[in-house]
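Read the figures in this text as sums done on the coordinates, not as results from a lab. Just so it is clear, the structure is predicted and the values come from calculations on it, not from any experiment. In this analysis, Cβ positions are derived from the backbone assuming ideal geometry, glycine residues included, and neighbour counts consider all displayed protein chains.
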Amino acid sequence: MSCIFCKIINQEIPSFKIYEDEYTYAFLDIAKDVDGHTLVIPKKHIENILDVDAETLEHLMNTIQKISKHYVENCGFEGVNILHASGSAAQQTVFHLHFHIIPRTSNDGVDAWPKFSGAKNELEKTFDLLKLE
Ligand code: 5GP
Ligand code: ZN
């Protein structure tokens with residue numbers, strides 16, 4: 001298995017581990033772009049949100065909340081952004097499911113909300129296309 005995150009879980013590649021339990025693993029992102037940038041991943045290899053089972057997703061969300069609360073309650077941060085990409089069209093680059101935790105302070109100068117260029121369609125058309133009945 002050539003998956004880089006599976007290698008991190010198996011300790012074939014070193015990582016700065018923040019937290020680990022039976023189902024999930026959390027470690028610092030190598031990007032060094034935002035202090036505390038953390039990745040939360042399932043221990044079993046799952047590609048992304050499109051193929052994850054509900055139980056694993058629940059474990060991941062519980063770990064995301066645990067780490068987020070730790071960062072805010074014990075580490076001097078005031079909030080978090082949770083970011084995620086599923087699929088290459090969505091700019092996923094590592095195809096092992098992961099959520100990014102971006103810890104925030106009110107004066108950190110980070111802008112975690114991209115400025116989109118604007119929707120092409122009216123909301124009515126989009127609604128007709130997307131509603132799940
Ligand atoms: P994506 O673009 O798929 O949402 O995010 C992949 C993330 O994995 C990137 O933020 C990238 O910096 C991180 N990453 C890629 N390779 C490694 C690695 O070997 N170690 C760690 N800690 N992070 C990695
Ligand atoms: Zn993997």
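Under 8 Å for C-alpha pairs, at least 6 residues apart: give me the relative contact order for the chain, rounded to a whole percent.
Relative CO of the chain lands at 23 percent.
Roughly what angle does helix 54-74 make with the longest principal axis of the chain, taking Cα atoms, 0 to 90 degrees, to the nearest 10?
Between the helix axis and the principal axis of the chain, the angle is about 70 degrees.
For segment 114-124, in order, what is each residue's ³J(HN,Hα) by Karplus, 6.51 cos²θ - 1.76 cosθ + 1.60 with θ = phi - 60°, in whole Hz (x at glycine and Pro)?
Whole-Hz 3J(HN,Hα) from phi for segment 114-124: x, 8, 6, 7, x, 6, 7, 10, 5, 4, 4.
What residue among Ile30, Ile46, Ile64 has the largest mean-square fluctuation in a Gaussian network model of the chain, using Cα springs under 10 Å?
Of Ile30, Ile46, Ile64, the most mobile in the Gaussian network model is Ile30.
Based solely on its DSSP helices, what 222 nm [θ] is calculated for the chain when runs of n ≥ 4 H residues each add -39,500 (n - 2.57) and the sum is averaged over all residues, nearest 500 deg cm²/dmol?
That calculation yields -8000 deg cm²/dmol at 222 nm.
Tell me, what does the Kirkwood hydrodynamic radius of segment 31-95 come to in angstroms if you use every pair of distinct C-alpha atoms?
On the way: mean 1/r = 0.0752 Å⁻¹.
It works out to 13.3 Å.
Under a Cβ-only charge scheme (Lys and Arg +1, Asp and Glu -1), can you give me the dipole magnitude of segment 82-133 about the Cα centre, in debye to the nearest 20?
It works out to roughly 120 debye.
Rounded to the nearest 0.05, what FRET efficiency do Leu123 and Asp33 give with R0 = 30 Å and r taken as the Cβ-Cβ distance? Could you check?
The computed FRET efficiency comes out at 0.30.
If you line up the Cα atoms of segment 8-133 on their principal axes, what length do they span on each, largest first, in Å?
Between the extreme Cα coordinates on each principal axis of segment 8-133 lie 47, 37, 24 Å.
Among Ser117, Ser86, Ser68, which one shows the biggest mean-square fluctuation in a GNM of the chain, springs joining Cα atoms closer than 10 Å?
Ser117
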